[in-house]
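So the structure is just underneath, and the comments pick up after that.
The values are calculated or read from the model by the stated rules, or taken from the named source; none is laboratory data. All of these numbers come straight from a predicted model, not from anything done at the bench. Here the Cβ is made from the backbone with ideal geometry for all residues, glycine too, and neighbour counts use every protein chain on show.
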Amino acid sequence: MKFFIDTANLEQIKEAQALGILDGVTTNPSLMAKEGITGKENILNHYKAICEIVDGDVSAEVIATDYEGMIKEGLELANLHPQIVVKVPMIKDGLKAIKYFTDNDIKTNCTLVFSVGQALMAAKAGATYVSPFIGRLDDVSTDGLNLIEEIRLVYDNYGFQTQILAASVRHTMHIVDCAKVGSDVMTGPLSAILGLLKHPLTDIGLAQFLADYQKGNK
Ligand code: E4P
């Protein structure tokens with residue numbers, strides 16, 4: 001399973017990259033705003049800065065919601081850097097835009113997906129990634145992980161190449177569960193990724209090893 005970090009914070013992206021396990025980055029307009037990145041030029045420069053830190057795909061979201069606007073913005077984003085993936089919302093014009101980008105060899109991430117039907121449409125349009133938001137489904141007492149399982153089944157039934165990118169991952173157990181059900185990618189916060197490293201028995205065992213070493217090597 002690929003690991004993407006879901007942030008526009010350059011320090012956190014650097015920290016995740018330094019771990020050696022990072023495969024890419026996802027951002028959205030809310031995450032950019034959280035970092036205080038505003039204005040078109042600053043936003044485009046920030047995407048370039050992210051691409052310079054990581055080796056993999058970097059999702060950059062269009063703001064337009066009409067077909068022509070999404071094509072214009074998406075082409076501009078794609079031309080910024082070869083690692084840019086154009087992130088497009090799951091709406092009717094978004095679907096058409098994904099088809100356009102697919103036909104023009106531009107990678108896409110279909111975002112704001114909450115149902116199998118939407119994921120099926122994204123795959124039919126040739127999206128590189130589909131982003132089901134599992135945390136936001138959990139927030140409204142609907143099983144987000146179950147959606148990943150259902151999309152996996154449908155995609156495998158027909159051999160769709162669209163990669164399932166579990167988004168809105170909120171904690172470490174989400175990551176483990178996504179891996180169990182065969183999500184191709186997960187995107188989550190640094191805290192959830194670092195949580196995978198933790199086990200009290202590791203800490204206790206290491207402390208004991210070091211104490212025993214010190215006893216024998218005074
Ligand atoms: C995915 O690409 C989205 O940017 C993100 O995962 C949404 O997460 P949230 O529901 O925690 O805002």
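Figures for the structure shown
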| quantity | calculated |
| --- | --- |
| Pairs, first of a type in the set (S, T, Y) in segment 98-121, second modelled with pLDDT of 95 or more and assigned to a loop (DSSP other than H, G, I, E, B), C-beta under 7 Å, six or more apart | T102/A125; T102/G126; T108/A127; T108/T128; T111/M90 |
| All positions within segment 51-97 that are of a type in the set (S, T, N, Q) and more than 20 Å from V185 (Cβ to Cβ) | T65, N79 |
| Single match in V181, V176, V169 (criterion: touching a residue at least 40 places away in the same chain (Cβ under 8 Å) and not hydroxyl-bearing (S, T, Y)) | V169 |
| Strands (runs of 3 or more DSSP E) enclosed by segment 69-139 - at least 1 residues per element that are of a type in the set (F, W, Y) and within 16 Å of the ligand (Cβ to nearest atom) | 129-132 |
| Test result for L201, over 19 Å from V130 (Cβ atoms), modelled with pLDDT of 95 or more and part of a loop (DSSP other than H, G, I, E, B) | no |
| Matching residues in segment 144-190 - criterion: being part of a loop (DSSP other than H, G, I, E, B), of a type in the set (A, V, I, L, M, F, W, C) and within 15 Å of the ligand (Cβ to nearest atom) | V169 |
| Qualifying positions in segment 23-57 - assigned to a loop (DSSP other than H, G, I, E, B) and under 20 Å from I193 (Cβ atoms) | D23, T27, N28, E35, V54, D55, G56 |
| Residue in segment 13-22 that is part of a helix (DSSP H, G or I), of a type in the set (S, T, N, Q), more than 12 Å from the ligand (Cβ to nearest atom) and out of contact with any strand residue (DSSP E or B) (no Cβ under 8 Å at 6 or more places or on another chain) present | yes |
| Selection from segment 162-218 of residues that are of a type in the set (S, T, Y) and at positive phi | S168 |
